[in-house]
4 protein chains.
Amino acid sequence: MTEPIRVFVTGGTFDKEYDELKGRLYFKDTHLPEMLRLARCRLDVSVRTLMMIDSLEMTDADRRIVVDSCRSCREARIVVTHGTDTMAETARALVAAGLGKTVVLTGAMIPWAFGSSDGLFNLGSALSFAQVLPAGVYVAMNGRVFAGDQVRKNRESGIFEEVG
Amino acid sequence: MTEPIRVFVTGGTFDKEYDELKGRLYFKDTHLPEMLRLARCRLDVSVRTLMMIDSLEMTDADRRIVVDSCRSCREARIVVTHGTDTMAETARALVAAGLGKTVVLTGAMIPWAFGSSDGLFNLGSALSFAQVLPAGVYVAMNGRVFAGDQVRKNRESGIFEEVG
Amino acid sequence: MTEPIRVFVTGGTFDKEYDELKGRLYFKDTHLPEMLRLARCRLDVSVRTLMMIDSLEMTDADRRIVVDSCRSCREARIVVTHGTDTMAETARALVAAGLGKTVVLTGAMIPWAFGSSDGLFNLGSALSFAQVLPAGVYVAMNGRVFAGDQVRKNRESGIFEEVG
Amino acid sequence: MTEPIRVFVTGGTFDKEYDELKGRLYFKDTHLPEMLRLARCRLDVSVRTLMMIDSLEMTDADRRIVVDSCRSCREARIVVTHGTDTMAETARALVAAGLGKTVVLTGAMIPWAFGSSDGLFNLGSALSFAQVLPAGVYVAMNGRVFAGDQVRKNRESGIFEEVG
């Protein structure tokens, strides 16, 4: 069998949708369950939405919610979907919390609601790293995995890279 | 940096397309490069097409080509895209070859050319397992990873499961 | 208001789906209602499935069902979704029946279930012609409209063209 | 043969795209040629981009450009892609110009760049009305056709309706 994995949803580009009446982007419900169904994922996954916000609007209080949820859930392997803009910040907060669990953060550059999204690839990537990596905090983006306190998003290219 | 990863394409449902003039499914070129681009994958990946066939039509000679290619390529980490019907057979042939490399086989239940494909999820999954698992042969399907000689495809459900 | 329009579904490439367990194309339920919803169509449309077959398998008995249904339904404006291979034959059968109604046949070269389908364009096209053309039988494909007994499908190109 | 049809692009939701680096919607190039290709459209269509703006930002000067372009082009049958918010205003400006041509305005509630767009349906609809309607100005939305000076967009529902 497979170990249970918890997925915490915080929103970000992953879950953005197009509001046709107002002509703008917004959040409704998470698409995670639909994506897992499409992927024919047979892992023991529980999805819980903590918030649905653009990560540029995340506050320290929001990050504490993420940390506390990771600490208190029964699972030892966790994936957190998150906006890419401040994913590295939340990763550092999780590192500082010393949870002793495997936590993998991931996101998307293109909303799932759009046809050409990297979201499904990143989700598959993060769930795989979550199953095999030892306790620690990681960021899974662009097919790669980074230590949670040694990564940043390059604002010009939108690509994640290692930092000293 | 990341270790170079080789992707060998053998066809399978992953790459099936719809021939609108004849009204049937067929193979043209692999979609792997396009999928990696969409995924914004920044791994050092080289894609090589070995064949483009339905795995039900794979012969022992075809499997030898897969084994030999995995042996002779310079990379130590390999992903093989493959039809799901006989993926477990090719996995066993690779186990028997004792290559001392990390080889992960994956595929898709729905062609990439169709909208609702599991292909991108499986590709992200396989590339992640390929980066972190030790030398050995594995099958990555449905979000899970199996030892290459301990897996089979359940024909009724289409789901992969562990066998003794 | 708008006049009521009847849509008769006969199958064809329009509605083909991919059977992931058997790895082949097949028919399940029609996607017409879903397509009309996506299109935000506000016409008074009733959809009825007459059959779900590849038009190469249509018999004279099947064609009689299509003709009889067009004759007996209360609507004077009708769209028939149909496989492209023998659409011109069914059109001629309808011309011969002299129904005194506006009947527009259309189809698709790529199944709706696939991402890159011409189906939604053809549906919009056919429903528009059905609203404004006088009584008669027509084929709407490739953005054009043809008199029902003056059209054929070019087998090499897959394009519909006028014939004397 | 078919009469030549001119398509003038003004932008609107039809052509909006997602800027992944800034996380917002914007305009790049029109998708019209790509949509016509996907539709396997065999009409004699020429596409010209007049502007790429949200119709809420259209000024009288912009509307004069649309009117003048419709007047001076050689074609007598024209489709104008337009944002839905002020489509009725531009339609009225075209009615007032008394061009003596068949002009059909259409748009989309969901950007083409997103998976579930009504754009392709509306394009097929508009091109069909443009071929058969007599000289006049029309709005083609939701599968229906309206006289250009007797239509408005219902802001609550996003649906187009007839007005006295």
> Out of the DSSP beta bridges found with both residues in the range B:5-162, what percent are antiparallel (nearest 5)?
Replying inline: 35 percent
> At A:Arg64, label 7 Å along Cα→Cβ: distances to the other copies, nm, ascending?
Replying inline: 6.0, 6.8, 7.9
> What residues from the range C:83-116 fall in the zone where the backbone N is under 14 Å from a label point 7 Å along the Cα-to-C-beta line of C:Ala135?
Replying inline: C:95-103
>> Is there a quick way to get the dipole size of the protein assembly as shown? I mean about its Cα centre, with the Cβ of Lys and Arg at +1 and of Asp and Glu at -1; what is the value in debye to the nearest 20?
In response: 0 debye
>> Using the crude model of +1 on Lys and Arg Cβ and -1 on Asp and Glu Cβ, and no other charge, please compute the dipole size for the range C:60-139 relative to its Cα centre, in debye to 20.
In response: 320 debye
> Charges only on Cβ, +1 for Lys and Arg, -1 for Asp and Glu: so what's the dipole of chain C about the Cα centre, in debye to the nearest 20?
Replying inline: 420 debye
> How far is it, in nm, from the label point at C:Arg92 to the one at D:Glu3 when both lie 7 Å from their Cα along the line to the Cβ?
Replying inline: 3.1 nm
>> Positive end of the dipole of the range D:5-162, charges at C-beta (+1 Lys, Arg; -1 Asp, Glu), about the Cα centre: which of D:Thr10, D:Pro33, D:Leu21 has its Cα farthest in that direction?
In response: D:Pro33
> Give or take rounding to whole Å, what are the principal axis extents of the alpha carbon atoms in chain C, in descending order?
Replying inline: 45, 37, 29
> So what's the back-of-envelope 222 nm ellipticity for chain D, counting only DSSP H runs of four-plus at -39500 (n - 2.57) apiece and dividing by all residues, rounded to 500?
Replying inline: -8500 deg cm²/dmol
>> Please rank C:Leu105, C:Leu120, A:Leu56, B:Leu38, fewest neighbouring Cβ atoms within 10 Å first, as an exposure proxy.
In response: A:Leu56, B:Leu38, C:Leu120, C:Leu105
>> Cut-off is 10 Å between beta-carbons; in what order do A:Phe114, C:Phe8 appear when sorted fewest neighbours first?
In response: A:Phe114, C:Phe8
> If you build a Gaussian network model of chain A, linking Cα atoms that sit under 10 Å apart, which residue out of A:Val47, A:Val139, A:Val80 swings the most?
Replying inline: A:Val47
> Which percent of Cα pairs goes in each bin when the distances of the protein assembly as shown are cut into 10 angstrom slices starting at zero?
Replying inline: 3, 15, 22, 22, 19, 13, 6, 1, 0
>> Taking θ = phi - 60°, what integer Hz values does the Karplus form 6.51 cos²θ - 1.76 cosθ + 1.60 yield along the range C:125-138, in sequence order, with x for Gly and Pro?
In response: 4, 5, 5, 6, 4, 4, 6, 10, 7, x, 3, x, 10, 9
>> Antiparallel versus total DSSP beta bridges in the protein assembly as shown: what percent is that, nearest 5?
In response: 35 percent
>> Distance between the C-alpha centers of the range D:99-164 and the range A:51-89? Whole Å please.
In response: 44 Å
> How do B:Ser72, A:Ser128 line up, fewest other C-beta atoms within 10 Å first?
Replying inline: B:Ser72, A:Ser128
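Laboratory data are not the source of any read-out in this text; all were calculated from the coordinates shown. Keep in mind that this is a model prediction, so the values were computed, not measured. Positions of Cβ are generated from backbone atoms using ideal geometry, with glycine treated the same way; all protein chains shown enter the neighbour counts.
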